[in-house]
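The values are calculated or read from the model by the stated rules, or taken from the named source; none is laboratory data. Only a predicted model underlies this, so the values are computations on that prediction, with no experimental measurement involved. Glycine also receives a Cβ, built like all others from the backbone with ideal geometry; neighbour counts cover every protein chain displayed. These area figures cover heavy atoms from the full protein model, side chains too; ligands, DNA and RNA do not enter into them. Shrake-Rupley method; radii C 1.70, N 1.55, O 1.52, S 1.80 Å.
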Amino acid sequence: MKDFCMTWGKRIATKQMLLIAVLTLAAACVGVWLKQFPGFSLFGALIIALIIGMIIQFPIRAWYVKDDPERATGVKDAAGLISNKLLRLGIIMLGFRLNLQVLFTTGAKCLPLALGIVAVTVILTYAVARFLKVDPLLAILVACGTGTCGAAAVMGVSGSIKVGADRTEEKSNDEVIAVAIVAIMGTIFALVEIAVLPLLGLSQEQMGIVAGGSLHEIAHAIAAGEGLGATALEMATIMKLSRVLMLILVTIVVAIWWDRFHAEAPAGGKRKIAFPWFMLGFVAASVVTTLFLGQSKDVVTTLVDIATIFLGMAMAALGINVDFKAIARNGMPAFLASFLASIVLLALCIGIAVWLF
């Protein structure tokens, strides 16, 4: 225990950790503040924090790191630690958003549809990405982000994938690429749906089902729902949260699948599945909201806001370590895969809405 505390103390009690913690907290707070304004609401706080992190890496390198390898290592380690640990804490607290009673009553019809939509979209996106020669790691991250709930899904699924030390930086870059892709894609399709869905003669309920079933981020679904009407917003929220609930299943399935087909065997010859234990915390938080906080909307809102701050810090830290050359080199085929899958997803959700609602 003493050695454990000393090891972690050395990693946490550093000037670099203090610097990165302050900067990422500021980035997260700015993201939360900006998301309330028109335009920025389409991106959401997490994407804004990621962009800020990507921008501030340049002054950090120019003014603080300079040519000091010790500082460079400290900054990289601090950002990596924040993005890893606060990500899990944020996803756990995001579970407070889910009232399972609402989902299993009002949204009961949406749950099996969400399961089918997520399964089809993840498999299709991954298949198209692999056809376009996208690396399996990036392909599955983009597929899960497109199919479930955007950035949170990318980071949650990434937590269930274990790679060797030599691929840690590659994994971080793939996370940023995947998050950027689903953010851009969700924004494009949110604007398309706000403009096109009213022209198709759909009811507000049907438009809400389409928005919640096809858009990537919760922010995208809510923004589109608000633009389509009050009933559309309610249905979009329920449908989207039904897809968010599928993240639990997706992370477990991906962990098992990755270990079976892509994990690297250690020297001892035995592999250990990187089971996403933090998702159990996500479930526990949902249960707490369902049993005790269902009528305490202010408490739930506060807890979700805190979760957003933690996730925003994780995203900003991820942006600080991003390699822009890797994004330029690997991003386009994955972007195309998500774009094609998103078109199919939209068409599928329109068909479901017309047929069942």
Degrees between helix 2-12 axis and first principal axis of the chain (Cα, 0 to 90, nearest 10) = 70 degrees
Whole-Å semi-axes of the ellipsoid equivalent to region 121-219 (Cα gyration tensor, √5λ, descending) | 30, 12, 11
Convert each backbone phi in region 108-115 into a coupling constant with the Karplus relation 6.51 cos²θ - 1.76 cosθ + 1.60 (shift: θ = phi - 60°), then list the ³J(HN,Hα) values in order as whole Hz, x for Gly and Pro.
-> 4, 5, 7, 4, x, 5, 4, 4
Can you tell me the dipole magnitude for the chain around its Cα centre, using point charges on the Cβ only (Lys, Arg +1; Asp, Glu -1), in Debye to the nearest 20?
-> 720 debye
Each residue of region 179-185 in turn: what ³J(HN,Hα) in whole Hz from Karplus with 6.51, -1.76, 1.60 and θ = phi - 60°, glycine and Pro shown as x?
-> 4, 4, 4, 5, 5, 5, 5
Can you list the residues, at least 5 places off or on another chain, whose amide H is less than 5 Å from the amide H of VAL322, using H built in the peptide plane?
-> none
For ALA263, distant residues with modelled amide H under 5 Å away | none
Can you give the angle from 0 to 90° between the axis of helix 40-59 and the longest principal axis of the chain, with both taken from C-alpha atoms, to the nearest 10?
-> 20 degrees
Projecting the Cα atoms of ALA236, MET155, ALA255 onto the charge dipole of the chain, where Lys and Arg contribute +1 and Asp and Glu -1 at Cβ, the residue farthest towards the positive end is ALA255
Region 225-357 - convex hull of alpha carbons, volume per residue in Å³ | 209 Å³
So how long is each side of the chain along the principal axes, counting just the alpha-carbon atoms, biggest first, in Å?
-> 62, 45, 38
If you take the charge dipole of the chain about its Cα centre, with +1 on Lys and Arg Cβ and -1 on Asp and Glu Cβ, which of PHE131, TRP355, THR301 is farthest toward its positive end?
-> PHE131
Would you mind working out the accessible area per residue for region 58-150, using a 1.4 Å probe, and quoting it in Å²?
-> 45 Å²
Short version: ³J(HN,Hα) in whole Hz for each residue of region 228-240, in order, from phi by Karplus 6.51 cos²θ - 1.76 cosθ + 1.60 (θ = phi - 60°), x for Gly and Pro, what are they?
-> 9, x, 5, 5, 4, 5, 4, 6, 5, 5, 5, 5, 5
Scoring the chain by relative contact order with C-alpha pairs under 8 Å, at least six apart, yields a percentage of 33 percent
Can you pull the percent of the chain's accessible area that's carbon plus sulfur, 1.4 Å probe, other chains left in place?
-> 70 percent
Compute the separation of the alpha-carbon centres of region 110-125 and region 195-253 and state it in Å as a whole number.
-> 14 Å
What angle do you read, to the nearest 10 degrees and between 0 and 90, between the alpha-carbon axis of helix 136-147 and the longest principal axis of the chain?
-> 40 degrees
Give the longest segment of the chain that steers clear of trypsin sites (Lys or Arg not before Pro) in DSSP loops with at most 16 neighbouring Cβ atoms within 10 Å, not counting the sites themselves.
-> 134-269
Compute from the Cα atoms of region 84-168 the Rg and the Dmax, the latter being the longest Cα-Cα distance, and quote both in angstrom.
-> 15.0, 47
